[in-house]
Every structure is written in C-alpha cells, then in structure tokens.
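S.K.: A single structure is presented below for examination.
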Number of protein chains: 2
Amino acid sequence: MSERSDARPLAILCGGGEFPLEVARAARASGREPFIVGVVGSSDPAIEAFAHVWVHMGQVGKMFGALKERAVADVAIVGVMTRPEFADLRFDWGALKRAPELAPLFRGGDNRLLVGVAGIFEREGFRVVGAHEIAPQLLAPMGPIGARAASSGAEADARVGAALLAALSPFDAGQGVVVANTRVIAIEAAEGTDAMLARVAKLRAARRVRFQGLAGVLVKAPKRGQDLRLDMPTVGPRTIEAARSAQLQGVALAAGRVLIADRQAFSRAADEAGLFVVGFAP
Amino acid sequence: MSERSDARPLAILCGGGEFPLEVARAARASGREPFIVGVVGSSDPAIEAFAHVWVHMGQVGKMFGALKERAVADVAIVGVMTRPEFADLRFDWGALKRAPELAPLFRGGDNRLLVGVAGIFEREGFRVVGAHEIAPQLLAPMGPIGARAASSGAEADARVGAALLAALSPFDAGQGVVVANTRVIAIEAAEGTDAMLARVAKLRAARRVRFQGLAGVLVKAPKRGQDLRLDMPTVGPRTIEAARSAQLQGVALAAGRVLIADRQAFSRAADEAGLFVVGFAP
C-alpha cells in the first residue's frame, strides 16, 4: 500500500505577507507539521515558530539540501513572490548547476515565473502542492460569506466580470476586475487588486466615473487553465478595506478557486463596511 | 443625380479638448466649412472662429433648431464627451419631448452613451459621420511614423497587445494596453490611456515591474465591431509624453483606426523621446 499522501513530509516556501504563516498554522492544526523555507528579505520572521531554514534568493543548492535532509516530499509555494532582479540574487553552486533552468524565469508573466519555479522543484523530485490542498478550510465557499446578500444588479455585474476574466485568461494578465451597472471600470494587470481598487476610489472621488452611493462589484477568479497550486487569487481584510474605499457594493469570488486570508476578520470587515461577499460557481 | 456627399452641409458637435478644432480646421481646409455646436463648459472657446452655436448640456431643442435652420445634413461628434450628471443638465422643451430616448443614455458603457447619442441624431434625420471621414488625413497610417523603427521584440509585444484588445472587445472596456517582454503590464478601462501610462511609470519607479532601460509598447486599437464614427481612439503629443515617462520603447496604433492629433508635434515628440511609433494592420 502506498504511503498516505497527507502523511508525506511537507515544506512551505514562504513568500511575503502573513498568509504563508496562516497556511503553515492550518497545516499544523490538521496534524501535518510543515518545514518552512524562509526567504531573507521577504518572509515574515514569525516563521521561526516552525522548523525552518533561511535562504537568500538564489541559494537554490542550500534550499534543496535542507529539504532533502528532512526527506521533504511535498512543497507548497505560498505568498507574494516578486520576480527578483538579477543583481539581487546570491547564486550558490546549486543555482549555477541549474542555470539553464533558472534563466527562463526572468522572462514572461508572473504565471510563467511560478510555473517555472514549480517545474524546477518537480524535476528535483518534489511534488508541488497548493495552499488549498494543505489548508482547504481557506477556500472561498459557494454562496454568501458574511451577513449581506448581493442584489440582482450586483449579480449581473459579477457575471460580466467573470466573463471578462475568462476572456483575459489566455494573456496571463490579472485576476480581478471592477464592474458597476454592467460597465467595466477597472481591469487588474501588474498593479494588483489593491492598487486597482485604489484607482476606482480615485476615479469616483474625481467624478470621472459617477454612481449614486455604493455601486460596483470586485470580481476575483483565477485565470482559466491556471495551475491552482500556484498563485491562486487571495483576498483578505485589506481587500475589504480597499473595496470599501472604492464604494463598491460587494465582492464576488470564484468558489473553491480563491483563498481567503484571515476569514474571521475578513467577514467581520465586510459586515461592518456593509459589503456583500459571495462565492459564485466558477 | 444625387447631391455629392461631401457637399452636404456639415456640423461638428465639439466635446472637450483641442482635437475638435483640429478636425474643424481640416474640414475647412478640404473645402467643407463646418458649423460648430459648442457645449458650454466643455468646448474650446476658439470654436468661435467658425459659424457656431453654444448650447448647455440638455438644450437638445436649441441644438436641433440651430442645425435645421442651417439645413445641416451631416453631423460629426468629436472630442471628450463626459457622461453628464442629471443635476448638471439644463433640459429644454426639445429635450423633454425626447425624454424616453435620452433616459437610456445614463446607463451602460461609454460606447453605449455615444451610440445612444448618435441614434438620437439619426432619428432626427441627420447622418452621423466620423472625424476620419471629414478629416482622413488625421488617421494613423501603416508602418513607421517618425524616425525610429520597432525592434522584433517590440513587434511581438504589439501582437500580444493587439490580441488582448481583440479579446476585450465584447466588454466595451478599454482601447489600450501596455505589454513589455510579452508580459501584460496594464490594461485600460475607465481611467483612460494617460492614467494607465502614469500607472506604468509608477510601477516601474517603485520597481514593482522591472526592466532594463526602455521596455514595453503601448498598443491602441478600437474595440472590434465598434462604430468608428464615434469614439475612435485618439493619440497626440501628450500620449508620447506619458509613454516616455513610462519608459516605453514605443507605440503601436491600429492603422486607419486610430486618430493622431497634432501629427507634426506628435511625431517630433516621439523622435525626441527616442520612441518608435508604428501603424499596424488591424
């Protein structure tokens, strides 16, 4: 009989933000103690509450050495991974040996960066797993999240947004859009969701787009065909704060395909702001 | 025999900016003296160099009266048309009579606003013509504009951008995108091209997107199926200034489907900034 998959030794490569730690705690809570790879300058120092190793970007040999020493089988890559600049890297011998594989990472979209990184782990014999596989409790559910329900107008906006994101999928671009009264107000690309929402807030303040009161829906969904183990869209309390500033009516998330960080604070913030949050069938 | 089309009395409804005047001068230069409808608070006072009438937004009856008095047959709608707020309108009797036609203008995307306005002119017996029909010399030509040529990398970026804009077409969203090294950096929606380019400049300054030196192409094209008599994408010297601030390599325009304002200054600014400008087959 094969080893139970969830018993396989697990490592989490932690990018920036608090979310990787939440995933690590959820894995621990479900009885699967993770080993953490922290990236100097990116990862939260609180990773030291777990067994861990710190590496500089480019210390590929050191990282693989630490993972193999602990017989790690599964690796999750979680958190903000910024495309590093060549000059910021500290290549070790393990990186130089893999130079032909690493070079392509410096070209193309963010999705390709992560796909490339995942491929390097896989060629090294690790299985790459998604945060949602080790912490499924963090996924957006179907239906309302929090106290408010979406109006029928908001549902129509959510449908337009979902269709637009599907059309954008082949271009490895954004995972977010704001639609109000069926009009597309903002489309996310490299700036990220929070910056897009700040732009909507500015457009409304400058009366460049005009609506009475709360209007519009933030729609978040992964790119179609995207490898959900990598770079799954993630929202959190800050998303609600930004949506509130943009005077939106609510947020629509592709159920089972968007991660919610700090669910309790997220849901409470939405209720306090008077925003609906809904998971829709992707 | 029917009247020659270009001899038909012509009016230009002038939105904001200097471009409507350039179109009016081009029409005059080609021997077709236009009558100008100026919108108080929007149109450049320099329209008074032409036969003209000033109207407040909502003075639909006054406008149609002036056009009919001069036996105007063709109407071009040129320049920035902002969706007015209800409270800013000064409805006259001619507007109240047409209230059922005007009401839908306050819903939907910008494209639908203009299509709605055009429909009202047409039902009144006018023919709506595009700026490019009365001033074809303002259209982007095929091939290089200015002194520089596009690199093969920049041509690849332009192709990605053109394909993305085609995919966005059904959503009545933006007409511009920035692509660098085949990565989609920014997509335009309600904020407009200049604001999108300012965002790219900011992302680069903050090193949120990183490229060595000049990188990336602004691609402009109309939405597929868009009525080109209305709201044809327009670039000008300010576009070059914004593209320079974003450290782009150049600008790609759908030939015959994008208008260039102030071509001489536009071309000179591109040369001075070291940017290529190219018209591509749409």
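S.K.: Between Rg and the Kirkwood Rh of the range A:1-74, both from Cα atoms, what is the Rg to Rh ratio? Don't jump to the answer; show the numbers that get you there.
M.R.: Working: Rg = 12.3 Å, Rh = 12.6 Å.
The Rg/Rh ratio comes out at 0.98.
S.K.: Within a 10 angstrom radius of the beta carbon, how do B:Phe211, A:Phe276 rank from fewest other beta carbons to most? Before the final figure, lay out each step's value.
M.R.: Numbers: B:Phe211 15, A:Phe276 24.
If I rank by nearby Cβ atoms, fewest first, I get B:Phe211, A:Phe276.
S.K.: Hey, another quick one. Taking the beta-carbon count within 10 Å as an exposure proxy, list B:Met63, B:Met232 from fewest neighbours to most. Intermediate values should be presented prior to the final figure.
M.R.: Values: B:Met63 24, B:Met232 21.
The fewest-first ordering by Cβ neighbours comes to B:Met232, B:Met63.
S.K.: Further question on the same structure: What size of dipole, in debye to the nearest 20, comes out for the range A:180-222 about its Cα centre when the only charges are +1 on Lys and Arg C-beta atoms and -1 on Asp and Glu C-beta atoms?
M.R.: Values: 8 positive and 3 negative charges, 63 e Å.
Dipole about the Cα centre, nearest 20: 300 debye.
S.K.: If you don't mind, another one. Project the alpha carbons of the range B:170-282 onto their principal axes and report the range along each, largest first, in whole Å.
M.R.: Answer, in whole Å and largest first: 39, 33, 22 Å.
S.K.: Based on the Cβ-Cβ distance from B:Arg70 to B:Ala103, what FRET efficiency comes out when R0 is 35 Å, to the nearest 0.05? Numbers along the way, then the final one.
M.R.: Values: r = 28 Å, r/R0 = 0.81.
It comes out at approximately 0.80.
S.K.: Also, quick follow-up: Given the -39500 (n - 2.57) contribution per DSSP H run of 4+ residues, what per-residue ellipticity at 222 nm results for chain A, rounded to the nearest 500 deg cm²/dmol? Before the final figure, lay out the partial values.
M.R.: Details: 10 runs with 98 residues, N = 282.
The helix-only estimate for chain A comes to -10000 deg cm²/dmol at 222 nm.
S.K.: Just A:Glu22, A:Glu188, A:Glu48 to compare: in a GNM of chain A, with alpha carbon springs under 10 Å, which one fluctuates most?
M.R.: A:Glu48
S.K.: List, largest first, the extents of the alpha carbons of chain B along their principal axes, each in whole Å.
M.R.: The Cα atoms of chain B stretch 60, 39, 34 Å along the principal axes, largest first.
S.K.: I've got another one for you. When each copy gets a label point 7 Å from Cα toward the beta-carbon at A:Arg207, what are the spacings between them in nm, shortest first?
M.R.: Nearest to farthest, the other copies are at 4.1 nm.
S.K.: Using label points projected 7 Å from each Cα along Cα→Cβ, tell me how many nm separate B:Glu272 and B:Ala166, to one decimal.
M.R.: Label at B:Glu272, label at B:Ala166, 3.7 nm between them.
S.K.: Can you list the distances in nanometres, one decimal and ascending, from the A:Ala166 label point to the identical position in each other copy, with the point 7 Å along Cα to Cβ?
M.R.: 2.0
S.K.: While we're on this one: Hand me the trypsin sites (Lys or Arg not before Pro) from the range B:121-221 located in a DSSP loop with no more than 14 other Cβ atoms within 10 Å, in residue order please.
M.R.: On the way: sites: B:Arg123, B:Arg127, B:Arg148, B:Arg159, B:Arg183, B:Arg199, B:Lys202, B:Arg204, B:Arg207, B:Arg208, B:Arg210, B:Lys220; in loops: B:Arg148, B:Arg207, B:Arg208, B:Arg210.
Passing both the DSSP loop test and the Cβ count: B:Arg207.
S.K.: Let me ask something else. How much net charge surrounds A:Glu69 when only other residues with a Cβ under 14 Å from its Cβ are counted (Lys, Arg +1; Asp, Glu -1)?
M.R.: Value of the local net charge: +2.
S.K.: What does the charge count around A:Pro141 come to, taking other residues whose C-beta lies under 12 Å from its C-beta (Lys +1, Arg +1, Asp -1, Glu -1)?
M.R.: +2
S.K.: For the range B:221-272, rounded, prolate or oblate, judged on the Cα gyration tensor with a ≥ b ≥ c (square roots of eigenvalues), a/c < 1.5 rounded, else prolate if a/b > b/c?
M.R.: Details: a/c = 2.64, a/b = 1.84, b/c = 1.44.
Prolate shape, in that a/c is at least 1.5 and a/b is the bigger ratio.
S.K.: Evaluate the distance, in nm, between pseudo-label points positioned 7 Å from the Cα of A:Arg123 and of B:Asp88 along their respective Cα→Cβ axes.
M.R.: Modelled inter-label distance: 5.7 nm.
S.K.: Can you run the Rg to Rh ratio on the range B:20-168? Use alpha carbon positions and the Kirkwood inverse-distance Rh.
M.R.: Values: Rg = 18.7 Å, Rh = 17.8 Å.
With Rg and the Kirkwood Rh in hand, the quotient comes to 1.05.
S.K.: Taking Cα pairs under 8 Å and at least six residues apart, what relative contact order does chain A come out at, in percent?
M.R.: Details: 530 pairs, mean separation 48.6, N = 282.
Rounded, it is 17 percent for chain A.
S.K.: Give me the distance between the Cα centres of the range B:219-268 and the range B:131-195, rounded to whole Å.
M.R.: The range B:219-268 and the range B:131-195 have Cα centres separated by 7 Å.
S.K.: Taking chain A as a Gaussian network, where each spring joins two C-alpha atoms under 10 Å apart, which residue of A:Gly256, A:Gly216, A:Gly94 fluctuates the most?
M.R.: A:Gly94
S.K.: Now a separate question. Using the 7 Å Cα-to-Cβ label point, sort the distances from A:Gly256 to its equivalents in the other copies shortest first and give them in nm to one decimal.
M.R.: 4.8
S.K.: Below 16 Å, Cα to Cα, which lysines can A:Lys202 reach? Residues fewer than 8 away in the same chain don't count.
M.R.: Partners found: B:Lys202.
S.K.: Just rank B:Leu197, A:Leu275, fewest to most, by other beta-carbon atoms within 10 angstrom.
M.R.: Details: B:Leu197 27, A:Leu275 24.
If I rank by nearby Cβ atoms, fewest first, I get A:Leu275, B:Leu197.
S.K.: Gaussian network model of chain B, Cα springs within a sub-10 Å range: biggest mean-square fluctuation belongs to which of B:Arg70, B:Arg224, B:Arg257?
M.R.: Highest fluctuation among the options: B:Arg70.
S.K.: For a bin width of 10 Å, list the pair-distance distribution of the protein assembly as shown built from all Cα-Cα distances, rounded to whole %.
M.R.: 3, 16, 23, 23, 17, 9, 5, 3, 0, 0
S.K.: Continuing with the same structure: On average, how much area does the Cα convex hull of the range B:158-221 cover when viewed from any direction, in nm²? Walk me through the numbers before you get to the answer.
M.R.: Numbers: hull surface 16.2 nm².
For the range B:158-221, the mean projected area of the Cα convex hull comes to 4.1 nm².
S.K.: Report P(r) for the range B:82-198: all Cα-Cα distances, bin width 5 Å, range 0 to the bin holding the largest distance, values in whole percent.
M.R.: For the range B:82-198, the binned pair fractions read 2, 9, 12, 15, 17, 15, 11, 8, 6, 4, 2, 0 percent.
Throughout, read-outs are computed from the coordinates displayed, never taken from laboratory work. Computed from a predicted model, the values in this text were never measured in an experiment. Because the Cβ atoms are built from the backbone with ideal geometry, glycine has one as well, and the counts that use them run over all protein chains shown.
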